[in-house]
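Below is one structure; the comments refer to it alone.
The values are calculated or read from the model by the stated rules, or taken from the named source; none is laboratory data. Keep in mind that what you see is a predicted model, and the values were worked out from it rather than measured. Here the Cβ positions follow ideal geometry from the backbone for every residue, glycine too, while neighbour counts run over all protein chains shown.
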Amino acid sequence: MADPSLNPGPDAGPPWDRSNILLTGATGLLGGALLARLLERGATVTCLVRDRVPHARAVVDGLLERSHVVHGSLEDHELVVRALNEYEIDTVFHAGAQTIVGTASRSPRSTWESNVRGTWQLLDACRECPRLVRRVLVASSDKAYGEHAKLPYTEEAPLLGRFPYDASKAAAELVAFSYWTSFRVPLAVTRCGNLFGGGDLNWNRLVPGTIRSALRGERPVIRSDGRFVRDYFYVEDAALAYLALAERMDDPAVRGEAFNFGTETPLDVLALVRRILKLAGRESLEPVILNEASLEIPRQYLDCSKARRLLGWAPRFSLDEALGQTIEWYRRRLA
């Protein structure tokens, strides 16, 4: 389908072609999609990159070649301050994090170092540059909510993350809102559903793992019992949501707030796997259900009415459109 967002119009918020952006996590799934959208709009983007990831979308699609690149980690305060000052950053998209739930369970310390310490180091650097930095978008997650009996989550639900990844995101949010309340660092927080899309090469994740198995004619593997319920959210829609939020950050009703972004169409794992198999033309493949998942919340999905009301935002892609485009991306990538 045609994407009208590529022509946002003259009144669509900050003039991206005159904006200097700092993007953390550019070699990740969300970061790659954000980088592509920002460059489309003519923004000057500086990417903070810790590791060389040769197969990342930002590398393969030549996006980093069109950006400034600062090599280092979020935890390096002086490096971040230097990047903000030397590249005269006005907008920060903080998508850098350790995002794998299994990795967080195996190595909670490195996860907290990246997700919590990295966040406060970045925000403290922004606090030191008030004449430059006008808006900061902090990527949290629906996992920060933890487990609640009442669903879907609204932004007013308390943050009850208990498992390592969930707790790291909840803690990062507390840090972020402290910087807003105490120092007026101009920020907003995003809580997205489970992201998927082209560019995710972590085969342990459900969507890329299932698609790769389907394209190879192999039975897909489900780590859980197949009944976990999630809100699966296309990364291209997520990138557009971030831009919509950034474009409205001067609104007092938006600044200092958290926003849910998702499709509001929860699915259990087995239903999603069967949907992928159907779209890939592999309905005959029977999933292997391991029932081994631990340290995960059984049911999570989001209420996004706040984003619709204050940002005028809604996802542009249906789930089948998004899955279809994602399957085609992997078909080309794995050919």
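Observations, loosely collected:
- Filter result for Gly118 (under 22 Å from Gly31 (Cα atoms) and either touching a Leu at 6+ places or on another chain (Cβ under 6 Å) or free of Cβ contacts under 8 Å to residues at least 12 places away in the same chain (or both)): yes
- Of all the criteria given as (1) buried (at least 18 other Cβ atoms within 10 Å of the Cβ); (2) hydrophobic (A, V, I, L, M, F, W, C); (3) outside any loop (DSSP other than H, G, I, E, B), the one not satisfied by Met249 is (3).
- Remark: Phe228 falls outside the filter, which requires a residue to be of a type outside the set (Gly, Ala, Ser), under 20 Å from Val138 (Cα atoms) and buried (at least 19 other Cβ atoms within 10 Å of the Cβ).
- Flag if Gly193 is surrounded by 23 or more Cβ atoms within 10 Å (Cβ to Cβ) and in contact with a Gly (Cβ under 6 Å, 6 or more places away or on another chain): yes
- Subset of segment 208-242 (residues that are of a type outside the set (Gly, Ala, Ser), part of a loop (DSSP other than H, G, I, E, B) and closer than 24 Å to Ala335 by Cα): Glu218, Arg219, Pro220
- Only residues that are surrounded by fewer than 13 Cβ atoms within 10 Å (Cβ to Cβ) and touching a Leu at 6+ places or on another chain (Cβ under 8 Å) were counted across segment 303-335, and they come to 2.
- Scan segment 288-302 for residues that are in a loop (DSSP other than H, G, I, E, B), buried (at least 18 other Cβ atoms within 10 Å of the Cβ) and of a type outside the set (S, T, N, Q) and the total you get is 3.
- Those helices (runs of 4 or more DSSP H) of segment 42-149 in which at least 3 residues are at pLDDT below 95 and either charged (D, E, K, R) or more than 30 Å from Arg332 (Cα to Cα) (or both), considering only elements entirely within it, cover 101-106, 108-112.
- Check on Leu159, in a loop (DSSP other than H, G, I, E, B) and in contact with a helix residue (DSSP H, G or I) (Cβ under 9 Å, 6 or more places away or on another chain): yes
- Applying a threshold of 8 Å to beta carbon distances and a minimum spacing of six or more residues, or different chains, the list of pairs starting in segment 307-335 at a residue that is within 15 Å of Ala241 (Cα to Cα) and ending at one that is part of a helix (DSSP H, G or I) and basic (Lys, Arg) reads Ala314/Arg308.
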